[in-house]
Amino acid sequence: MFFAFHGQTSEWASPVGKHKPQLLVWLATAPLDEDDVGGDGGESQGFAFDRVAVRCDPDNEEHLVSMAKLSSLERHSFKLSDQPEADPQPDSNTQSHTATATAANGNDDDDGGGGDEGVLELTPPRVRSSRLCFWCACIPLNEDRDQTHYVFKFIQGRRQWWLDARGELVPRLPGKEYHFRYNQSCKPPSWVASQVFYQIFPDRFCNGDPSISVKEGEYLYLGHPVHAREWGQPVTDTDEARCSEFYGGDLIGVRNRLSYLCDELGVTALYLNPVFTSLSNHKYDTVDYMNVDPHLGGNGALQHLCKDVHARGMRIILDAVLNHTSVHHHWFDKYGDAIKHVPSGAGDDYVAWLGYDSLPKLNLANPQVRAYLYAEERAVIRHWLRPPYAIDGWRFDVIHMLGEGANATNNAFYVRQFRQATKETNPQAYVLGEHFYEATQWLQGDQEDGCMAYYTFLHPMRAFFAGTDLIGDPIHLDASELSSWLCESRAKIPWENQLALFNQLDSHDTPRMLTLLGGDVAKLKAAATVLFAYPGTPCIYYGDEVGVEGGKDPDCRRCFPWNRQEWRQDLFAHYQRLVAVRKATPALQYGAYVPLYAHGDVFAFARWLAGTVVICVAVRSGGTIATTASTAEEGQRAAAIVLPVWKCGLDEGAVLTNVLAGHATNADDDADDDDADDDSSGSFVVSRGGWLDITSSTSTFTSMSTSPSTIHGSALLVAKM
């Protein structure tokens, strides 16, 4: 076998050409046995390919394009011609740097002096490894649809191998669901991947103006009086109180705490749970979509909040609950005297969302509903995207359930309509969908930019670290099973949409991660490190950073403790470092994902971009992992973690610095420090063959229990090439 890798970032897949657009793709290969590495950095005579090709499907027909091998790390000229050559059979082991494409020196106005032909100057992705060999080819982009699928084929004697988007080498053509995907038209806003989001449940974050808070017994909610609670009192989990007790949090309070959020913690974007007029504390039963709830401060409070958020260079997205509404909405008004206009039924015979009779489902077959929500110029979706609010996107609640009548009939059509209304108003707005389970079909570019990544991130992370699934059933995964789940779920989604996934460890709908971990802060730190290093945009659920706990809804919606004596200061410092590193490191925002190690309790991967490599190592406590004799003291043993960092372009002598050790927070600056290798508390040197053995330095980033085989911790190791 051998190693093969395709990164999907713009370094690895980029469009070229004007008259006949094509995609320039790069591929890296290497023998797994160091003895098979040739003197030029490529394969030896004992290890070679008969052919390497990339398969695509223009006009729904298989098309194979042979790849050219670039064994040197220098810049190469790449011959361009008008038509890609179908199924050529060159000797791919020669040092031919010629392939086909339509472009001209990267300049659409220059034909390179040869009509439709030209020369493109190429540089492989930046590496320090002599072990990797690079291949390139240009494939045609589909003209009948936005998305192009491709997959790589290798021939060795009587065997063939295929590299798919899971990163796996398989001995036959993989199913199309696992082919690499490139969407040339529908892309998420580029700003999303660079953000660190913070989710706020408004009633429980901060009370900025007690005079507007809900008063005890002020009104009836579903026939029962509402309750006003003191800040920090335990949440009541009864059918009557869970939605009708209020603590007084408001948008004025959010605005007052922007200094904490932006300057102290460092987050760059806010996601607010619903803020529109509603009689409940959660506000997922909207009464008036065109007005912010007066108990949260009204429209004026949102206007001032948005102004201040944008003045700080931050972003803000709101929650849109457009699948169902409230029985108090004027279309329904179950408890009032208004004439009933029930888009989802008539009288008391109506469709309720998931059987909750307080939440009548909206029927998008009704033209009035369509006009009000998205179609007309003053529609709900469009209104809040415009000044004076100019929010930066929408999180659409249960978007997969939108539809006509009692179900999700024509759901894809309406999701596209929501997207169109959003993008027509603000092309750079973020379209985020809520899905508790797999959302692949909504994430192909033409519907949602990203989704609440329950299936692609939160669920597997809980399974690995906490041993529970989304509904509380037990599950056990080792690191290899975790890695498989993560890679498979991402493989079905275009790369740009992977970067726009909304990653969390918990939310307003789930128990807090710290509670599931039994209060184990070290485990939460390890999980949070993965959150900030993994593809997608990380989001902190309010209070996670200071150790707020909570069980299932509504207990997960406790008040934020503004008394700092109640904070877990070491956890807060860890989150501060993670936020700072993420913001300062483009490789963590946009870099290619390279699996490195997944065995037992140890999970490691790299992000690789433009000569910067960041390696994330997370070690789960509890469980048996391989041990090896430590060189520190006779009789001591430490966990053996040896990483094949040559897979991400690093070679012998490369220095990696743990930016979570000590005070370092700027990954780019720290990795560029000439004295980095003098920092014995956080530096590691790559050994011969491109291997990184951190066994002897385990204690620099992990906490060891009394049993040497049960360790936990995390590290972010950074190197620049």
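The values are calculated or read from the model by the stated rules, or taken from the named source; none is laboratory data. This structure is a prediction, so every number in the text was calculated from the model and none was measured. As a convention, Cβ positions derive from the backbone with ideal geometry for all residues, glycine included, and neighbour counts pool all protein chains shown. Accessible surface areas use protein heavy atoms only, side chains included; no ligands, DNA or RNA. Shrake-Rupley method; radii C 1.70, N 1.55, O 1.52, S 1.80 Å.
Tabulated values for the structure
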read-out: Shape of the range 356-457, Cα gyration tensor, a/c cut at 1.5; value: oblate
read-out: Amide hydrogen neighbours beyond the local backbone of Asp693, cut-off 5 Å, H modeled; value: Leu643, Ser687
read-out: Long-range HN-HN contacts of Asp164 with modeled amide H, under 5 Å; value: Val170
read-out: Solvent-accessible area of Glu218 with every protein chain in place, 1.4 Å probe, in Å² to the nearest 10; value: 80
read-out: Rounded to whole Hz, the Karplus (6.51, -1.76, 1.60) HN-Hα couplings of the range 375-383, x for glycine and proline; value: 7, 7, 4, 9, 4, 3, 4, 6, 4
read-out: Net charge of neighbours whose Cβ lies under 13 Å from the Cβ of Phe464, counting Lys and Arg as +1 and Asp and Glu as -1; value: -1
read-out: Whole-percent carbon and sulfur share, accessible surface of the range 194-591, 1.4 Å; value: 50
read-out: Charge context of Phe197, other residues only, Cβ under 15 angstrom, K/R +1, D/E -1; value: -2
read-out: Full-stretch length increase - Met401, Asn256 - with 0.36 nm per residue and alpha-carbon distance subtracted; value: 48.6 nm
read-out: ³J(HN,Hα) computed for each position of the range 469-484 - Karplus, 6.51 cos²θ - 1.76 cosθ + 1.60, integer Hz, glycine/proline x; value: 9, 5, 9, x, 6, x, 8, 10, 10, 8, 5, 5, 6, 4, 4, 4
read-out: Prolate/oblate/rounded label for the range 121-174 (Cα gyration tensor, a/c 1.5); value: oblate
read-out: Antiparallel DSSP beta bridges within the range 194-591, as percent of all bridges there, nearest 5; value: 30
read-out: Pairs from Lys20/Lys153; Lys215/Lys523; Lys492/Lys583; Lys283/Lys492; Lys361/Lys552 whose Cα-Cα separation, in the structure shown, is over 30 Å; value: Lys215/Lys523; Lys283/Lys492
read-out: Neighbour net charge for Gly300 - beta-carbon separation under 15 angstrom, K R +1, D E -1; value: -2
read-out: Solvent-accessible area of Met290 with every protein chain in place, 1.4 Å probe, in Å² to the nearest 10; value: 50
read-out: Gain on full stretching of the segment that runs from Asp509 to Ala584 - 0.36 nm per residue minus C-alpha separation; value: 23.9 nm
read-out: The range 121-199 versus the range 400-445: alpha-carbon centroid distance in Å; value: 26
read-out: Placed amide H near Thr286: partners under 5 Å, 5+ positions off or other chain; value: Ser326
read-out: Extended-chain gain in nm, criterion 0.36 nm per residue less alpha-carbon gap, Asp308 and Leu32; value: 94.0 nm
read-out: Note, ³J(HN,Hα) from phi for the range 170-185, Karplus 6.51, -1.76, 1.60, rounded to Hz, x at Gly and Pro; value: 10, x, 8, 4, x, x, 4, 4, 10, 6, 4, 10, 10, 9, 7, 10
read-out: The range 194-591: Cα Rg divided by the 2.2 N^0.38 Å rule of thumb; value: 0.95
read-out: Simple spin-label estimate for Asp237 and Asp209 in nanometres, 7 Å along Cα-Cβ; value: 3.5
read-out: Filtered chymotrypsin sites (Phe, Trp or Tyr not before Pro), the range 343-424: DSSP coil and at most 16 other beta carbons within 10 Å; value: Tyr356
